[in-house]
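Nothing in this text is a laboratory measurement; each read-out follows from the coordinates by a stated rule. What you see is a predicted model; the values in this text were computed from it and never measured. Note: ideal-geometry Cβ built from the backbone for every residue, glycine included; neighbour counts use all protein chains shown.
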């Protein structure tokens, strides 16, 4: 009986020990599972962090900015960030090359027009058109590729939180910086190449008025080019369109060609028209002498087969002081209301050119707001 009782006690103790061992084993297994789960989670988090870091590094290397970051979400906060990026591109991606190019083109034009620019009606018209063409070219070349060359980057950044209004505002600031430098260098080139600047002025002094006019022409062209870059399929397409737009601007400037009555209204929507009109108004075009009439008479008399009577008539007119009379009458016939020498006329042209710049900048914002729907 005692032996059976001892055997039952041993079985009970063995059962309890086995149960305890099973519980311990289950507990240890649970602890190990928790450790493994925690380890895997840590490893996964590390991989995710490393992956995000690698992705961020790739974006940074490509010049992209992570606008999903909270500190980049505000519209005003994004503007200086993108301005900084653009100025880094100016230094490290050779965007500064537009400056010496502007100097070179201005020097070529100044050498051609310096003898008659601001001296005669004909010379002032040609000089104003040439200078407007230089300003248009500078503005077009500044921004014709800036959006389309990074279209895919802009699309990704827009999806991560980039505001297109901030993007265009940053470009407006940066492009204004380029246009100011180009304007100042262009005016300096004209002054030191021998162009005779007028001593009279309408608003702030001729040089300051002249600088503001050239800047507004360049900046308006720059914003037009920025809009073209915003909608162009590629840099090739943008560069193909640019000379066509420049040609339209020159044709409808009102200086190079006499437009039919039905097409004269189109010139009012051209940067070139208001640019040349503003320069001519500042130069007091209608108060200058005109040499075209007397030059034509001289050509007629100077031909080898010219009628002796014509030659004698021209010589008599010059001897009797009629050259000035002919030039004065020719000037009256070349009078243009658009070039009237008043501060109101110049300020009106400034407002129109500034309006062009703002209008094309707004169009750029609107076109880029739909960039996510772009399948290109």
If you split all Cα-Cα distances of the range 171-230 into 5 Å bins from zero, what percentages do you get per bin, shortest first? 4, 18, 23, 21, 15, 10, 6, 2, 0
Here the range 291-333 gives, from Cα atoms, an Rg and Dmax in Å of 10.4, 31
Potential lengthening between residue 197 and residue 341 on full extension [0.36 nm per residue; Cα-Cα distance subtracted]: 50.3 nm
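For the peptides 127-133, 180-186, 351-357, what is the packing order when you average, over each peptide's residues, the other Cβ atoms within 10 Å and list the highest mean first?
127-133, 180-186, 351-357
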